[in-house]
1. At a threshold of 8 angstrom on Cα-Cα distance, excluding pairs fewer than six apart, so keeping six or more, what relative contact order does the chain reach in percent?
2. Given springs between every Cα pair under 10 Å in a Gaussian network model of the chain, which of 59, 25, 42 has the largest fluctuation?
3. What 222 nm value per residue comes from the helices of the chain, counting each DSSP H run with n ≥ 4 as -39,500 (n - 2.57) and dividing by all residues, nearest 500 deg cm²/dmol?
């Protein structure tokens with residue numbers, strides 16, 4: 001929740017760190033859906049920061065969403081991955 005508040009307030013570096021921590025914790029609890037959402041949030045924040053490695057959490061999130069058949073989230077990941085790809089061009 002704190003990560004979402006930080007993201008919506010435009011505090012992307014803080015939010016990215018909070019999302020990374022959340023993704024790591026959800027992975028330990030094998031909560032795949034929550035982990036995927038945390039990775040997606042981290043990727044959104046890194047993309048907003050023009051971080052050249054923004055695609056990494058997005059690709060991981062996409063793979064998890066794909067396993068669950070979450071087509072809308074897969075499309076969101078694909079869109080952000082395309083944006084992140086333009087950062088390194």
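Where a number appears in this text, it was derived from the coordinates with a stated rule and is not lab data. Not measured: the values here are computed from a predicted model.
1. On the way: 118 pairs, mean separation 20.7, N = 89.
Reported as a whole number, the value is 23 percent.
2. Result: 25 has the largest fluctuation of those listed.
3. That comes out to -26500 deg cm²/dmol.
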